[in-house]
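First comes the structure, then the notes that go with it.
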Amino acid sequence: MAKPIPYQPLLLRLAHGAIAILVLLALISGFWVYNTYDGRWGSLPLPKIPDIQGLHGTIALVLLLLFPFFALYCFHWGDRRLLHKKSLAQLSQGNWHAWQRLANTLMLVAVTFALISGRMMQEEWLPTGELNRGWYLAHLGAWSVVLLSLLSHLILGAKAGGRPLLVSMVSFAIRPEDRRIGNWWRGGRLKPSNQVLLGLEIVILLGMVIAFVLPAIITAR
């Protein structure tokens, strides 16, 4: 007997969908930048795109503007999908839901560091062959972790919830309670459900502030 398709809140689907599209576009355009100017660890015969750095930077900027709101939603409305107190014990027991929550949590952290390191790069580095800059190498590492986290997120999501879970995240079904925007905010909590998530929320939000402010301070000097 086929498993029923669960219903996901509309706000979750909208926020998750927007961030997912931006992350995918950032990963693809980021690889295109690497493929165009670097390629030390492998490359593909991709066509040259004019101002690929500018395109990647625009996508990343939109992601940077929206990501703090998605993080707030994850920590205050969707924290049951993140790590909790029992997760570590469940990981050792092979609990796929626990591994999925770990992948979800790591994804938030990885995107944060990718945004910070990307913002600290200078646009002229790659065209002039400055490929060993610390922030560029850090950004490559962060990009790799985001890619691995995304793959883990998808694989573990399929393992934990199967096809019904994946379908539920892209479903267009809307229940009556989701037709009023005022109902979207129900079910939230004032602070995350545990101290680990509270600490991660502080780190991620501070990271977003750093990504906005530090490049401007350095440029002004």
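The values are calculated or read from the model by the stated rules, or taken from the named source; none is laboratory data. Since we're looking at a predicted model, the values are computed, not measured. Positions of Cβ are generated from backbone atoms using ideal geometry, with glycine treated the same way; all protein chains shown enter the neighbour counts. Please note that ligands, DNA and RNA were not included when accessible areas were found on the heavy atoms of the full protein model with its side chains. Shrake-Rupley method; radii C 1.70, N 1.55, O 1.52, S 1.80 Å.
For the range 1-106, a simple Cβ point-charge model (Lys and Arg +1, Asp and Glu -1, everything else neutral) yields a dipole of about 480 debye relative to the Cα centre.
Might you report the magnitude of the Cβ-based charge dipole of the chain about its Cα centre, with Lys and Arg at +1 and Asp and Glu at -1, to the nearest 20 debye?
For this selection, approximately 1000 debye.
Residues in the range 166-175 carry Karplus couplings, in order, of 4, 5, 5, 6, 10, 6, 9, 5, 10, 7 Hz; the curve used is 6.51 cos²θ - 1.76 cosθ + 1.60 with θ = phi - 60°, and Gly or Pro positions show x.
For the charge dipole of the range 114-195, defined by +1 on Lys and Arg C-beta atoms and -1 on Asp and Glu C-beta atoms about the Cα centroid, which residue among Asn132, Ile155, Ile116 has the Cα displaced farthest towards the positive pole? Working it through, the farthest residue towards the positive pole turns out to be Ile155. Each residue of the range 58-66 was assigned a 3J(HN,Hα) from its phi angle through the Karplus curve 6.51 cos²θ - 1.76 cosθ + 1.60 (θ = phi - 60°); the sequence is 5, 4, 5, 5, 4, 4, 4, 5, 8 Hz, with glycine and proline shown as x. So for the chain, taking the charge dipole from beta-carbon charges (+1 Lys/Arg, -1 Asp/Glu), which of Gly57, Trp99, Ile5 sits furthest toward the positive end? In the chain, that residue is Ile5. Mean residue ellipticity, 222 nm, helices only, the chain: the sum of -39500 (n - 2.57) across DSSP H runs of n ≥ 4, divided by residue count and rounded to 500, is -23000 deg cm²/dmol. Annotation: per residue accessible area for the chain equals 59 Å², rounded to a whole number [probe 1.4 Å, protein chains only]. When only the Cβ of Lys, Arg, Asp and Glu is charged (+1, +1, -1, -1), the dipole of the range 111-221 relative to its Cα centre reaches about 560 debye. For the chain, the carbon plus sulfur part of the accessible surface works out to 69%, probe radius 1.4 Å. Along the range 127-135 the Karplus relation, 6.51 cos²θ - 1.76 cosθ + 1.60 evaluated at θ = phi - 60°, assigns HN-Hα couplings of x, 9, x, 7, 8, 10, 4, x, 5 Hz to successive residues, with x for each Gly and Pro. The stretch between Trp125 and Arg179 holds 14.6 nm of extra length on full extension. This uses 0.36 nm per residue minus the Cα-Cα distance. The Cα atoms of the range 105-177 cover 54, 27, 20 Å along the three principal axes, with the biggest extent listed first. How would you classify the range 24-88 from its alpha-carbon gyration tensor, with a ≥ b ≥ c the square roots of the eigenvalues: rounded for a/c under 1.5, else prolate if a/b is greater than b/c, otherwise oblate? Verdict is oblate for the range 24-88.
Translational diffusion coefficient of the range 1-117 (Stokes-Einstein, Kirkwood radius from Cα pairs, 20 °C, 1.002 mPa s): 129 µm²/s.
Here the Debye sum runs over all C-alpha atoms of the range 76-221 as equal scatterers in vacuum, and log10 of I(q)/I(0) at q = 0.13 Å⁻¹ comes out as -0.79.
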